[in-house]
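Undergrad: One structure follows; several queries about it will come next.
The values are calculated or read from the model by the stated rules, or taken from the named source; none is laboratory data. Owing to the predicted nature of the structure, the values given are computational and were not obtained by experimental measurement. Backbone-built Cβ (ideal geometry, glycine too); neighbour counts: all protein chains shown. Side chains are part of the model used for accessible areas, which takes the heavy atoms of the whole protein and leaves out ligands, DNA and RNA. Shrake-Rupley method; radii C 1.70, N 1.55, O 1.52, S 1.80 Å.
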Amino acid sequence: MKTPLACLMAASLTALSCASVQAATTLRMAHFWPGASDINTQIFEQWAKAVEEDSGGDLRVQVFPSGTLAKADDIYEATVNGIADIGATAQGYTAGRFPLSQIVELPGVADSAIQGSCILQTLYDDGGLGGEYDDTRVLFMFTTGPGYIHTVDTDVQVPADLEGLRIRRPTAVAGDILENMGASPVGMPAPDIYTSMQRGVLDGLSFPWEGMKGFRINELVEYHTQVPFYSLIFVATMSQRAYDRLTPEQQAVIDANSGMQWALNAGEVFHAIDEVGRQEAVDAGHTIRVVDAPLDNADWAPPLQQGIEDYLSGLEERGLSQAHDVYQAALAARESCAGTE
């Protein structure tokens with residue numbers, strides 16, 4: 001391809017060709033999911049394709065999976081600082097930075113990835129999350145399905161069975177609830193789980209079924225306790241500086257590929273992989289314990305309810321007086337988002 005200078009000098013090229021060359025912009029997107037995962041291929045690569053097609057090739061998105069541009073817990077900050085033009089990550093990887101958003105992670109808020117994604121995007125669109133994302137330009141938000149407990153060789157039927165077990169926790173919020181249930185929570189990014197479990201550093205983990213497939217953890221565990229005690233939330237967001245450098249036409253393309261539709265698209269991908277991940281464990285002959293309606297279960301409700309109230313009260317003690325209101329808004333959105341299933 002000719003450079004803009006060569007374009008001006010080449011009489012055979014049309015003015016339109018020159019303008020196209022000058023307008024072409026490549027955006028670098030960072031995330032931590034494996035490149036071969038359905039999350040990468042069905043969400044981020046599809047988003048990149050949509051942006052390129054809608055811009056007529058003026059915008060191109062180069063996707064860097066597996067933490068190759070920025071490590072999982074550095075992705076949001078890398079996006080703020082412009083190291084990545086676009087980043088997709090879990091808010092819980094930057095503990096305490098998105099406290100109102102993480103209310104959506106609490107037990108009983110969402111029953112599936114589709115519903116959870118709708119709830120989180122609704123709260124953001126309605127302005128209920130304060131200024132938590134003022135340092136970037138949010139594209140869309142989404143969640144996993146409910147996270148469960150998976151262990152190498154312990155059959156967990158009641159919270160007391162977790163006593164002393166080293167369980168990887170995805171976020172501080174989920175970690176506090178695990179601690180309420182007797183476990184010893186261990187924090188680490190998702191890409192590090194497989195090798196840690198191989199080495200015996202972990203006795204188990206908390207993960208949705210999607211993660212069990214995407215990170216191949218079903219290969220290492222035998223027991224699954226399907227008690228939905230959290231969901232993990234994510235954001236795909238853009239460096240404000242990168243957005244401001246775009247032409248108005250390019251910005252319009254980004255805006256058109258932001259918001260609820262892409263939140264739901266992502267939720268549908270996660271939901272489909274949840275089903276595949278669970279079936280993988282079934283086919284392997286693993287033991288799966290199902291705890292329906294844990295907030296109404298005599299064994300599981302006390303630590304879960306305590307986790308909810310501890311988290312909301314903790315936010316209020318930090319000066320976030322709207323914490324209980326946001327929780328109620330999330331439950332209201334749960335009802336309005338029920339039809340997205």
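Undergrad: Roughly to the nearest percent, how much of the accessible area of the chain is carbon and sulfur, given a 1.4 Å probe?
TA: Of the solvent-accessible surface of the chain, carbon and sulfur hold 48 percent.
Undergrad: Could you give the accessible area per residue of the chain, probe 1.4 Å, as a whole number in Å²? Each step should come with its number before you reach the end.
TA: Details: 14130 Å² over 341 residues.
Per-residue value: 41 Å².
Undergrad: I would also like to ask the following. Using only the alpha-carbon atoms of segment 92-167 as identical scatterers, what base-10 log of I(q)/I(0) does the Debye formula give at q = 0.11, 0.18 Å⁻¹?
TA: -0.40, -0.82
Undergrad: So for the chain, taking the charge dipole from beta-carbon charges (+1 Lys/Arg, -1 Asp/Glu), which of T154, I83, W209 sits furthest toward the positive end?
TA: Of the options given, the answer is I83.
Undergrad: Now for a separate question. Just need the relative contact order of segment 197-341 here, percent rounded to a whole number, with Cα pairs under 8 Å and 6+ apart.
TA: It rounds to 32 percent for segment 197-341.
Undergrad: Roughly how many Å is it from the Cα centre of segment 266-341 to that of segment 43-112, as a whole number?
TA: 21 Å
Undergrad: Rank by packing, highest mean first: peptides 150-163, 64-77, with packing defined as the count of other Cβ atoms within 10 Å averaged across residues.
TA: Answer by packing, highest mean first, reads 64-77, 150-163.
Undergrad: Based on the Cβ-Cβ distance of V152 and S66, what FRET efficiency does E = 1/(1 + (r/R0)^6) give at R0 = 30 Å, to the nearest 0.05?
TA: 0.75
Undergrad: Trypsin sites (Lys or Arg not before Pro), restricted to segment 170-250: which are DSSP loop and have at most 16 other Cβ atoms within 10 Å? Don't jump to the answer; show the numbers that get you there.
TA: Details: sites: R199, K213, R216, R241, R245; in loops: R199, R216, R245.
Answer by residue number: R199, R216, R245.
Undergrad: Turning to a different aspect of this structure: When only C-alpha pairs under 8 Å and at least 6 residues apart count, what is the relative contact order of segment 127-244, in percent? Mind dumping the intermediate values first?
TA: Details: 209 pairs, mean separation 52.7, N = 118.
For segment 127-244, the relative contact order is 45 percent.
Undergrad: While we're on this one: Once the Cα atoms of helix 113-125 and of the chain are each reduced to a long axis, what angle between those two axes, in degrees from 0 to 90 to the nearest 10, is obtained?
TA: For helix 113-125, the angle is close to 60 degrees.
Undergrad: Compute for segment 223-312: radius of gyration divided by Kirkwood radius, i.e. Rg/Rh, restricted to C-alpha atoms, rounded to two decimals.
TA: 1.17
Undergrad: Where both residues lie in the chain, what percent of DSSP beta bridges are antiparallel, nearest 5?
TA: Roughly 50 percent of the DSSP beta bridges within the chain come out antiparallel.
Undergrad: Rg to Rh for the chain: what is it, with Cα atoms only and Rh by Kirkwood? Walk me through the numbers before you get to the answer.
TA: Values: Rg = 21.5 Å, Rh = 20.9 Å.
Answer for the chain: 1.03.
Undergrad: Given points 7 Å out from each Cα along the Cα-Cβ axis, report the V290 to A172 separation in nanometres with one decimal.
TA: It is 3.6 nm.
Undergrad: Hey, with R₀ at 25 Å, roughly what FRET efficiency would R245 and T94 work out to, going by the Cβ-Cβ distance, to 0.05?
TA: According to the calculation, E is roughly 0.50.
Undergrad: Provide the net charge surrounding D85, with neighbours chosen by a C-beta distance below 13 Å and charges set as Lys +1, Arg +1, Asp -1, Glu -1. The partial results should precede the final answer.
TA: Details: positive: R28, R60, R137, R241, R245; negative: D244.
Residues close to D85 contribute a combined charge of +4.
Undergrad: Quote the relative contact order of the chain in percent (integer), defining contacts as alpha-carbon pairs under 8 Å separated by 6+ residues.
TA: Working: 661 pairs, mean separation 78.6, N = 341.
It rounds to 23 percent for the chain.
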